[in-house]
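Have a look at the structure below before the remarks.
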Amino acid sequence: MNPEVKPDFLISPEGLRIDGRRPDEMRPIELKVGVLKQADGSASIRQGKTYIIAGVYGPRELHPRHLTLNDRAYLRVVYRMATFSVPDRKRPAPSRREREISMVIANSLKPALFLEEFPKAVVDVFIQVIQADGGTRCAAINAASLALADAGIPMRGLIPSVAVGKADGKLLVDLGDEEDKYGQGDVPMAIIPQTEEITLLQQDGSFTKEELVEAMRMGINSCKYLHELQKEALKRTYVKKPGEEGDDDYEDDLETDLGEAELMEGE
Ligand code: UDP
């Protein structure tokens, strides 16, 4: 579908969305950890057609020094969209929107991090949107949180994030680009799943109080689902399957078994 042409409807008579999803259904999500060789931590996310890579460097010495915080590390987030990430060429100079989203992402991640363990240092989080198809700030938070975990930054927990929007008067989870552009608004949110503390809550468009409460309920459910995917992505990278190279327990067991077998043979 050409995103530049307004669709006739966003919700079909059967109650399905333009890509066939149910209102509470997320787009297909693929999370990968450790995708960049040079970074201390990294992750990528594909959420529908949105594709983002996050790289974390640090904790390391902070330049320029006047940004130094004496009691904690400075979390420096840079969110950028590639020039080719949207149908119109995006101007390469950092836009106001990119600066604002960088700040919003930093504020969403900070409550989960023990930055006080690294006074005066910086933790750099570079986020590159390779392909934008709606929901980039939330997808960026999902990937950045995993990249921070991959870098070994101490944290209370991973931060999942999703936007719940409204189109044709119906609340919809995880808006695609047309729903974002032609819908009636959206509410991006992020949470610490263990405590349900909200670390991001924005609102674009108008929602009644009841709609907002329901949007938050739907968003928290989706964040919990995303949190499971985040944990699985980490496990795929760090928890080796029995017998796989790097499974130290298995290799120790194997050595013991072999040692015992040799002993028995010698008896
Ligand atoms: N977008 C675009 N050009 C831009 C900025 C955004 O085409 O320069 C599109 C992009 O697909 C993005 C969507 O508009 O995902 C919605 O942007 P918004 O600012 O609402 O942030 P997002 O929903 O991505 O968090």
Out of 24, 174, 124, a Gaussian network model of the chain with alpha-carbon springs under 10 Å gives the largest mean-square fluctuation to 24
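Ordered by packing density, taken as the mean number of other Cβ atoms within 10 Å over each peptide's residues, highest first, how do 206-215, 47-56, 222-231 rank? Walk me through the numbers on the way to the answer.
Values: 206-215: 13.8, 47-56: 23.6, 222-231: 19.4.
Most protected by this proxy first, the peptides run 47-56, 222-231, 206-215.
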Under a plain spin-label model, where a point goes 7 Å from the Cα along Cα-to-Cβ, how far apart in nm are residue 97 and residue 116?
3.8
Over the chain, with the other protein chains present, what is the accessible area per residue in square angstrom, probe 1.4 angstrom?
54
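Give the carbon-plus-sulfur fraction of the accessible surface of the chain in %, rounded to a whole number; probe 1.4 Å, heavy atoms of protein chains only.
On the way: 7290 of 14350 Å².
Ligands and nucleic acids excluded, carbon and sulfur give 51 percent.
Considering only Cα-Cα distances, which of the following residue pairs are longer than 21 Å: 49/90; 6/166; 90/181; 90/110? Display every interim value, and only then the final one.
Values: 49/90 17 Å; 6/166 16 Å; 90/181 17 Å; 90/110 29 Å.
Beyond 21 Å: 90/110.
Quick one: ranking 97, 76, 27 by accessible area, 1.4 Å probe, largest first, what do you get? Walk me through the numbers on the way to the answer.
Working: 97 100, 76 55, 27 15 Å².
Highest to lowest solvent-accessible surface, that is 97, 76, 27.
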log₁₀ of I(q)/I(0) at q = 0.09 Å⁻¹ - the chain, Debye sum with one point per alpha carbon
-0.47
What does the net charge come to around residue 182 if you take all other residues with beta carbon closer than 10 Å to its beta carbon, with K and R at +1 and D and E at -1?
-3
Karplus-derived 3J(HN,Hα) from phi for segment 111-123 (6.51 cos²θ - 1.76 cosθ + 1.60, θ = phi - 60°), whole Hz, x at Gly and Pro, runs x, 8, 9, 8, 5, 5, 6, 10, x, 6, 8, 10, 10
With every protein chain in place, what's the accessible area of residue 155 (1.4 Å probe, Å², nearest 10)?
50
Once both labels are modelled 7 Å past Cα along the beta-carbon direction, what's the residue 16-residue 38 spacing in nm?
4.5
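The values are calculated or read from the model by the stated rules, or taken from the named source; none is laboratory data. If you're wondering where the values come from, they're calculated on a predicted model, not measured in any experiment. Backbone-built Cβ (ideal geometry, glycine too); neighbour counts: all protein chains shown. Protein only, heavy atoms only, side chains kept; ligands, DNA and RNA dropped before computing areas. Shrake-Rupley method; radii C 1.70, N 1.55, O 1.52, S 1.80 Å.
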